[in-house]
Structure formats: structure tokens, C-alpha cells
Amino acid sequence: MQIKLTPTTADDLSAITEAIVIDLWHEGQPSEFWLTGNGILTFTLNDEEGVVCYVRLDDEAPFVRLHTQFLSEGKCSKRRLVIAMIDAFKVVIPHLVERGFKGIVAESISPTLIAWLQKQGFVAVDESDDYVLRFASVVECSAS
């Protein structure tokens with residue numbers, strides 16, 4: 001599967017708004033949050049079939065915080081999403097390492113998303129809803 005990271009523009013706002021309206025985790029969030037130019041990296045993740053999700057990374061040195069806006073149910077299968085996100089990590093992580101970041105932090109209370117994050121190597125942070133993927137562990141895993 002071929003992925004493509006493209007700028008998120010004003011043309012995407014109606015689709016983002018539609019996704020936010022039915023997303024209990026992001027209810028009330030402004031759609032403009034997802035536009036390219038916000039955060040250190042904000043993009044639309046696409047595959048051959050079209051938009052998979054919207055992604056924003058914010059600087060919380062030494063880590064980056066991952067925000068993801070999933071599409072409305074039925075617009076993108078979980079299989080497409082998982083494959084595209086794994087491929088996106090392969091593209092984005094080397095750039096973040098080059099910039100000196102030590103890992104990615106994601107916040108979630110969704111049991112499904114937490115299980116997926118943990119499968120990718122994210123670990124819980126104390127008593128918070130944060131999960132961190134330390135880049136050293138990614139390098140170690142890929143070397144074995």
C-alpha cells in the first residue's frame with residue numbers, strides 16, 4: 001500500500017468537521033486545529049483509496065505529541081487505517097529523530113486505540129492517559 005502525506009487545507013474543513021461531530025473523543029474541537037501550519041507537522045494521511053485520517057504533531061520537547069482525527073465510520077476501514085499509520089510512522093520517525101526528538105506521546109482513553117498503541121510499542125506514562133513510544137526502543141526493535 002502506498003501512502004502519501006499531503007497538506008491539510010481549508011478544502012478539508014468540511015470533512016474534518018463531519019468527523020469531529022460524531023467523534024466523542026474530539027467533540028467541540030475546532031476543525032482549524034488540523035490545518036497544515038499548526039504544530040510542527042500537520043498533514044492529511046492518504047492511501048490509494050483516498051483520505052485515511054488527519055494528523056498533527058506538537059512540540060513537547062523532548063517528545064512530540066501525536067493528535068489523530070479519524071474519519072467518520074464507514075469512510076475508512078480499520079485495516080486501511082492501521083496499515084497507513086504504521087507506514088506513516090516509518091516516514092515521520094526518522095525526521096523527528098533528526099530533529100532531536102526522543103519519542104512520540106499520544107493521549108487516549110479509548111480501549112481500542114490504547115491496545116493498538118501498545119501493540120506498536122507505546123507504554124503507559126504513570127497515572128495519566130498518555131502513552132509514549134521512545135525512539136530508542138524503535139531502533140532497538142528494528143536492530144533485532
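Derivation of every value follows stated rules applied to the coordinates shown; laboratory data play no part. Nothing here was measured: the structure is a model prediction, and the numbers come from that model. Using ideal geometry, Cβ is built from the backbone for each residue, glycine included, and neighbour counts are taken over all protein chains shown.
Structure notes:
- Value of [θ]222 nm, deg cm²/dmol, for the chain, DSSP H segments ≥ 4, -39500 (n - 2.57) each, nearest 500: -10500 deg cm²/dmol
- Expressed as a whole percent, the proportion of Cα-Cα pairs in region 1-44 lying more than 12 Å apart is 61%.
- Evaluating 6.51 cos²θ - 1.76 cosθ + 1.60 at θ = phi - 60° for every residue in region 64-74, the Karplus couplings come out as 10, 9, 8, 10, 9, 10, 7, 6, 4, 4, x Hz, glycine and proline recorded as x.
- Mean separation of Cα contacts under 8 Å (6+ apart) over length of region 4-143, as relative contact order %: 17 percent
- Zero-based 10 Å bins, Cα pair distances in region 1-118, whole percents: 13, 47, 36, 4
- Cα centroid separation, region 1-46 to region 83-125 (Å): 18 Å
- Charged side chains reduced to their Cβ positions (Lys and Arg at +1, Asp and Glu at -1) give the chain a dipole of some 520 debye around its Cα centre.
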